[in-house]
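Peer 1: Have a look at the structure that comes next, please.
What follows is calculated from the coordinates using simple rules that are stated; it is not laboratory data. Here the structure is a predicted model, which is why all the values come from computation and not from measurement. For neighbour counting, all protein chains shown are included, and Cβ atoms are generated from backbone atoms with ideal geometry for every residue, glycine included.
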Amino acid sequence: MQMDGDESSNIEDRRDDGGGFGRGGFGGGGFGGPRIPIGSGGGGLFKGGFGLVAFVVIALVLGADPGALLGGGGGSEAPASYAPAPAPSRTARPATTPETQFVSRVLKSTEDVWSDLFRDMGRQYREPKLVLFRDATRTECGVGQAAMGPFYCPADQKVYLDLGFFDELARRFQVPGQFPQAYVIAHEIGHHVQNLLGISGKVQQMRQSMSKRDGNALSVRTELQADCFAGVWANRADRQRGGRMIDDRDIDQALAAAAAIGDDRLQRQAQGRVVPDSFTHGSSTQRTRWFRIGLDSGDPGKCDTFRAQQL
């Protein structure tokens with residue numbers, strides 16, 4: 001993968017601050033997804049099947065027009081029930097190592113791609129911060145720990161990343177290379193895009209009145225959309241660089257990464273059996289399929305996982 005070009009000014013480096021929590025190893029590995037701020041509630045029972053859930057979410061989040069996925073309304077503010085834990089303010093520091101420079105360049109590329117896409121639909125893209133940390137750090141969604149894997153906090157609109165996860169990706173999941181690392185970042189930026197479009201907040205509202213099973217099913221659709229958005233970024237970023245950014249080997253590595261962190265594979269490794277009702281990110285097949293849809297099309301309008309009959 002050739003990731004050259006400008007670096008982002010939105011890197012917040014907390015690695016020297018010290019979390020004081022200790023490293024407990026990485027958790028499920030499916031990426032942390034959007035972290036729900038403390039005080040957001042949850043639970044409750046939802047009597048209908050998922051067909052009704054999907055119908056309501058479609059009407060509430062995506063509107064009636066199939067082309068409205070990126071053109072609909074909705075703000076990006078956290079729901080009023082959020083009670084965030086204060087996060088310390090940090091000054092961004094420039095990347096100084098090849099690894100941090102790579103992260104900064106990927107982030108800048110996502111900024112360029114999504115700024116263009118938002119401009120095309122008459123909106124303005126708000127760039128998120130990407131926080132580098134070790135072990136643990138405070139966020140407005142509570143304490144973030146390396147064991148969660150990379151995650152996005154909608155309350156402070158920041159992506160959190162312990163760079164040790166990249167070592168874990170290569171060692172534990174047997175997925176080396178830079179493009180899988182870029183996919184991880186682009187997936188979390190996909191959650192930021194969902195937040196800006198008002199999707200994340202509305203989905204979280206829906207989950208508060210659902211059963212755990214239906215909430216999990218909705219979470220899967222949310223995560224698969226972020227995978228698809230990651231593919232959209234890769235397509236557009238490669239185009240911006242004249243088709244020189246990624247090659248077939250990079251794509252194979254990214255697809256392998258998506259497959260490696262599928263819920264079914266992780267469950268089989270951890271407990272020797274698969275429980276589909278407990279999936280929160282999607283199966284290996286689903287994750288690779290939706291990343292590929294975004295990668296092949298470069299069209300975020302194709303990432304409508306909430307309407308999809310087949311995931």
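Peer 1: Along the range 202-211, what does the Karplus equation 6.51 cos²θ - 1.76 cosθ + 1.60 (θ = phi - 60°) give for ³J(HN,Hα), rounded to whole Hz, x for Gly and Pro?
Peer 2: These are the phi-based 3J(HN,Hα) values: 6, 5, 5, 4, 4, 5, 5, 10, 10, 5 Hz.
Peer 1: Can you order the peptides 240-248, 130-138, 223-231 by their average number of other Cβ atoms within 10 Å per residue, highest first?
Peer 2: With the highest mean Cβ count within 10 Å placed first, the list reads 223-231, 130-138, 240-248.
Peer 1: Right, here's the next one. Among bridges DSSP assigns within the range 90-174, what percent are antiparallel (round to 5)?
Peer 2: 60 percent
Peer 1: Show me, for the range 6-13, the HN-Hα J-couplings you get by feeding each phi into the Karplus relation (A = 6.51, B = -1.76, C = 1.60, θ = phi - 60°), rounded to Hz, glycine and proline as x.
Peer 2: 5, 10, 6, 8, 9, 8, 10, 9
Peer 1: Round to the nearest 0.05 the FRET efficiency obtained for V143 and R244 when R0 = 35 Å and r is the Cβ-Cβ distance.
Peer 2: Rounded to the nearest 0.05, the efficiency is 0.30.
Peer 1: Ok, one more. Quick check on the exposure proxy: order T110, T139 from fewest to most C-beta atoms within 10 angstrom.
Peer 2: By the 10 Å Cβ count, ascending, the order reads T139, T110.
Peer 1: Which far-off residues, 5 or more places away or on another chain, put their amide H under 5 Å from the one on E140, with H placed in the peptide plane?
Peer 2: Sorted by chain and number, the residues that satisfy this are D156.
Peer 1: As a footprinting exposure proxy, order Y152, Y125 by other Cβ within 10 Å, with the fewest listed first.
Peer 2: Lowest count first: Y125, Y152.
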